[in-house]
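A.B. asks: Before I ask anything, let me first share the structure, which is written out below as C-alpha cells.
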Amino acid sequence: MQAAPLVYDRDRVADARAAHPLDPHLPMLRDLLRQVADEADHLMVITDEAGHALWTDGPPTARRQAERIGLLEGFCWAEGSVGTNGIGTPLATGRPEYVYASEHVAHVLHRWSCAGAPITDPDTGRVIGCVDVSATVEALHPAAVALVGAAARLAESRLELEMRLRDERLRERFLPHLRALRGARGVLATATGRILAAEPDGWNGRRVAVPVAGGEIALPDGRPAIAEPLGEVFVLRPSDGPAAPRPVRTGTPGAPNVAGAPGGAGARPLLTLTLLGTEQPYALLDGRRIPLTLRHAEILALFALNPRGLNGDRLSRHLYGDEGSPVTVRAEIHRLRGQLGDLVRAKPYRLSCAVDADFLTVRRLLDEGDAVSAARLYGGELLPRSDAPAIRAERDELAVRTRRHLLDRGGAGALWAYAQTDPGRADPEVLERLRAVLPAGDPRLAAVASRSARLLDGDA
C-alpha cells in the first residue's frame, strides 16, 4: 500500500526538475547528505514547494523500501495528501521538523522516521522546496534535523549569492534612471518587490508589494508611487511628486550602440524600450518617459537588433519590404531626432546611447534557461500591431521560443504568468499543462478550468 499519491510521470519529473531553482545546486546537496544516507541506510529526498518529490538518493535497500510507500520521484508528500510527515509538515510550518515513526498520520508510515527542512528563495521570500532525510529504522536520530537544517541554509546561501550577483548587474544597467531624477524620490525595484536602490538612499534591501506595470504601489514611507517597467526591474516614482527632469545628454558622437551596455555616472545615456504586448510602446531615456509612435518603435527595435547600424536601403527593407524607399526612412529618422536629438546617428543609422529592450532581455533569459523571469517579463507579442517584415519575423520567433520553452521547462509560476498574456490566455496546451502542474487546492485551478471550458465551447 502506498502512502503518497503519484502526481508526475517520469517525463514530467524531468521537466519539473529542469524548471526548479534548486536544480543547479543538487550536486552540493547530494554530496552533503549522501555520506550520511549511504552509511546509515537513509534516503535523501528533495521536493518542490508543493511537496512533490523531485530528487531522491540513497542505498538500494532504502530505495526498495521507500518504493512501497511512494517515497520516490513523482509522488506528493504534502500534508493534504499524506498527513503529518517529514516533508509536508516543514513545508506547512516553515521550519525544520522531526517526525517520529508513530507521529505520522498514515499507519503505513509508522516504520519510518524523518527530518525535513524548508528552503526559502531569498528573492521572493517564499518557500520553494524541502530537503528531507528518512529512514526505516524505529527512530531516526533527532540530530538529523540539524543536518537537514544546515543543508537548507547552505542551499539558501547559494541562491542568495546568485541573487546578489544578479542584483549588481541590474544596478549597473539601470541606475542611470535613478540618477537622472536629480535628488527627487525614486526607487529601483525587482519584479519580486525587492528594493535594489533608492534616490535618495535609505531603503536598500527593503521590500514593497510586487509591482504591476503602470500600477500604483506604496513606498516604504507610505507614499503612493507609479511602477514604471524597465525590463527586469521597475522604477517607482511617487505619483504626487514632480516629473523627472530632462537628463543632460552625454553620448559620445559616433560611438557604436551596444544593446544592454551598462550605464553610470559619466556613462552614455541609457535608452530602455518597452515594446512587448503593448498598444502604446514607449521608451525611457535616463528616467524620462518618451511615448513612441508605432513606426518609431519599429525603428528603435531594429536599432536594438542591429547595434552596428543599418544603411537606408536595409532599414527601408526591414520596415517596408521591397516597396520601401530610403527617402521615406529619412523622413522618419528626422522625426525621431525630434525626440532623441543627436543620439540618433547616421551613416549608418544607429543610436549613440546604450540600449536595453524588453524583448532582447526575454531572448537572453530564454538562452540562460530562466523560464520564470522570461515569463514574468514576456507581457505579450513584440509590437503586435506592426506589419514591418523584420519585426514580424522577430515577433514570431520570440513567441514560438517563449511558448516552447515554457511548455518544456516552465513550472507552475512561469506557466501561470504566461497564461495571463494575450497569446497564453487562449492556448489550450498551456492551460492543460497548468491543470497538470498546479497542486490540488490551488485557487488558480478554478480559473484554468473555467478558461478551458470556454475554449471548448468556442467562447474564448
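A.B. asks: When you go through (1) modelled with pLDDT of 85 or more; (2) in contact with a Ser or Thr (Cβ under 8 Å, 6 or more places away or on another chain); (3) not hydrophobic (A, V, I, L, M, F, W, C) one by one for GLU138, which number turns out not to apply?
C.D. replies: Only one criterion in (1) modelled with pLDDT of 85 or more; (2) in contact with a Ser or Thr (Cβ under 8 Å, 6 or more places away or on another chain); (3) not hydrophobic (A, V, I, L, M, F, W, C) is unmet by GLU138, namely (1).
Matching residues to (1) hydrophobic (A, V, I, L, M, F, W, C); (2) open to solvent by less than 50 Å² (accessible area, probe 1.4 Å); (3) in contact with a helix residue (DSSP H, G or I) (Cβ under 7 Å, 6 or more places away or on another chain):
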site	(1), (2), (3)
GLN2	no, no, no
LEU91	yes, yes, no
GLU103	no, no, no
TRP112	yes, yes, yes
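A.B. asks: Now for a different question. Residue under question is CYS76, and the condition is that it be at pLDDT below 95, under 29 Å from the mean Cα position of the chain (by Cα) and over 30 Å from THR272 (Cα atoms); does it hold?
C.D. replies: yes
A.B. asks: Here is a list: THR124, THR120. Which entry is in contact (Cβ under 8 Å) with a residue 40 or more places away in the chain, open to solvent by less than 50 Å² (accessible area, probe 1.4 Å) and closer than 26 Å to THR192 by Cβ?
C.D. replies: The match here is THR124.
A.B. asks: Quick check: is even one residue across the stretch 381-401 of a type in the set (Val, Ile, Thr), free of Cβ contacts under 8 Å to residues at least 60 places away in the same chain, open to solvent by less than 10 Å² (accessible area, probe 1.4 Å) and closer than 29 Å to GLU162 by Cβ?
C.D. replies: There is no residue in the stretch 381-401 that is of a type in the set (Val, Ile, Thr), free of Cβ contacts under 8 Å to residues at least 60 places away in the same chain, open to solvent by less than 10 Å² (accessible area, probe 1.4 Å) and closer than 29 Å to GLU162 by Cβ.
A.B. asks: Determine, yes or no, whether GLU49 is modelled with pLDDT under 95 and either surrounded by fewer than 17 Cβ atoms within 10 Å (Cβ to Cβ) or farther than 21 Å from LEU438 by Cβ (or both).
C.D. replies: No; evaluated as a whole, the condition is false for this residue.
A.B. asks: Could you list, in sequence order, all residues of the stretch 195-218 that are open to solvent by 70 Å² or more (accessible area, probe 1.4 Å) and of a type in the set (Val, Ile, Thr)?
C.D. replies: VAL210, VAL212
A.B. asks: With under 14 Å from the mean Cα position of the chain (by Cα), open to solvent by less than 50 Å² (accessible area, probe 1.4 Å) and at negative phi as the only criterion, which of GLY413, GLY424 stands out?
C.D. replies: Criteria check complete, one pass: GLY413.
A.B. asks: Shifting gears a bit: Of the residues ARG444, ARG454, which is within 25 Å of ASP48 (Cα to Cα), basic (Lys, Arg) and either open to solvent by 50 Å² or more (accessible area, probe 1.4 Å) or touching a residue at least 60 places away in the same chain (Cβ under 8 Å) (or both)?
C.D. replies: ARG444
A.B. asks: List, please: which pairs have Cβ atoms under 7 Å, are six or more places apart or on different chains, and start with a residue in the stretch 198-210 that is closer than 14 Å to ALA227 by Cβ and end with one that is open to solvent by 80 Å² or more (accessible area, probe 1.4 Å) and small (Gly, Ala, Ser)?
C.D. replies: none
A.B. asks: Is one or more of the residues making up the stretch 251-269 in a strand (DSSP E or B) and at pLDDT below 75?
C.D. replies: Yes.
A.B. asks: A further question on this structure: Only one of ARG185, ARG164 is over 17 Å from the mean Cα position of the chain (by Cα), open to solvent by 30 Å² or more (accessible area, probe 1.4 Å) and among the basic types (Lys, Arg); which?
C.D. replies: From the options ARG185, ARG164, the qualifying one is ARG185.
A.B. asks: For the stretch 290-305, what are the residues that are open to solvent by 40 Å² or more (accessible area, probe 1.4 Å), touching a Pro at 6+ places or on another chain (Cβ under 9 Å) and not hydrophobic (A, V, I, L, M, F, W, C)?
C.D. replies: Hits for the stretch 290-305 are PRO291, THR293.
A.B. asks: Let me ask you something else. Quick one: count up the residues across the stretch 372-393 that are within 22 Å of the chain's Cα centre (by Cα), part of a helix (DSSP H, G or I) and among the charged types (D, E, K, R).
C.D. replies: 1
A.B. asks: OK, next. Would you say TYR320 is open to solvent by 10 Å² or more (accessible area, probe 1.4 Å), at pLDDT 70 or above, of a type in the set (Phe, Trp, Tyr) and under 23 Å from ARG171 (Cβ atoms)?
C.D. replies: When the stated conditions are applied, TYR320 does not pass them.
A.B. asks: Report, ordered by the first and then the second residue, all pairs with beta carbons closer than 9 Å, sequence separation of six or more or different chains, a first member in the stretch 405-423 that is under 11 Å from ARG433 (Cβ atoms), and a second member that is modelled with pLDDT under 85 and among the polar types (S, T, N, Q).
C.D. replies: What qualifies is ALA414/SER373.
A.B. asks: Now for a separate question. Step by step: first the residues of the stretch 345-357, then only those that are hydrophobic (A, V, I, L, M, F, W, C) and crowded, with 21+ Cβ neighbours inside 10 Å, then the one that is farthest from LEU175 (Cα to Cα). Which residue is that?
C.D. replies: Going through the qualifying residues, I end up with LEU351.
The values are calculated or read from the model by the stated rules, or taken from the named source; none is laboratory data. Bear in mind the structure is a predicted one, so any value in this text is a computation, not a measurement. Ideal geometry is used to build each Cβ from the backbone, glycine not excepted, and the neighbour counts take in all protein chains shown. Each accessible area value is taken on the protein alone, full model and side chains, heavy atoms only, with ligands, DNA and RNA left out. Shrake-Rupley method; radii C 1.70, N 1.55, O 1.52, S 1.80 Å.
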